[in-house]
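A.B. asks: Please find one structure pasted underneath; my questions will follow.
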Amino acid sequence: MKQLTFILLCLCFFGCQQTTPQKNTENNKPKKTKAVSSAFVFFDSIFSKKSTYIASGFDFPVGKPNANGYYNAQKFTVNDHLGDDWNGTGGGNTDLGDPIYSIANGYVNFAEDIGSGWGNVIRIIHKYKGEYYESLYAHCDKISVKKGNFVTKGMQIGTIGNANGTYYAHLHLEIRDRILMDIGGGYSKNTTGYVNPTKFITSNRK
């Protein structure tokens, strides 16, 4: 009887070991392709040469520095939104052409009109406390910077637009802690690589 009990316990133990799901830590790590690894080397190099452009803190991209005169019309994760939509309190297109400011010191890595629902897009790489972040500003009416420019916190980089009339004017802002991802669609249930812009800025003021 003791021998049978021992065998049953062994079978139960090994059966549980096989069916218990294991945490996949690899999926939680940032993907470092050859291109991304090369980019890290590049950014390390340029920020070591231009250390004054390393970020020391963050402000809001409109109504600087505290988003005065604006409200967050569609917050991060609401309706699977991957950013924050900043609108002027006047509503409609009253904020069309208002200035957009860089949220921190950084390097402009992209500044182009990509059409579709995105319109003019600016992407800035920030080095902050030894880590890299990327801020993305979409639907801009005008772009005041170009790829390769260094920017400082509060510097005007463009103006609020409506993606060539696709929407009422507003700024779609994303902050990513996994840099150089594809542009994406602005909405997804999967928030890997994205951070809550308002919470991040509020937690990292100077």
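Read-outs throughout are calculated quantities, based only on the coordinates presented, and are distinct from any laboratory measurement. Here the structure is a predicted model, which means the values were calculated and not measured. Here the Cβ positions follow ideal geometry from the backbone for every residue, glycine too, while neighbour counts run over all protein chains shown.
A.B. asks: What percent do you get for the relative contact order of region 85-150 when only Cα pairs under 8 Å and 6+ apart count?
C.D. replies: Relative contact order of region 85-150: 31 percent.
A.B. asks: Can you figure out the FRET efficiency of VAL36 with LYS75, using R₀ = 35 Å and their beta-carbon distance, to the nearest 0.05?
C.D. replies: With a Förster radius of 35 Å, E is 0.75.
A.B. asks: Determine Rg/Rh for region 96-138; Rg is computed over alpha-carbon atoms and Rh is the Kirkwood hydrodynamic estimate from the same atoms.
C.D. replies: Result: Rg/Rh = 1.03.
A.B. asks: Ok, one more. How many percent of Cα pairs in region 82-206 exceed 22 Å?
C.D. replies: For region 82-206, the share of Cα pairs beyond 22 Å comes to 30 percent.
A.B. asks: Among rounded, prolate and oblate, which fits region 151-206 when a ≥ b ≥ c are the square roots of the eigenvalues of its C-alpha gyration tensor, a/c under 1.5 means rounded, and a/b larger than b/c means prolate?
C.D. replies: Oblate shape, in that a/c is at least 1.5 and b/c is the bigger or equal ratio.
A.B. asks: For LYS146, list the aspartates and glutamates whose Cα falls under 14 Å from its own Cα; do not include residues on the same chain fewer than 8 positions away.
C.D. replies: GLU112, ASP113
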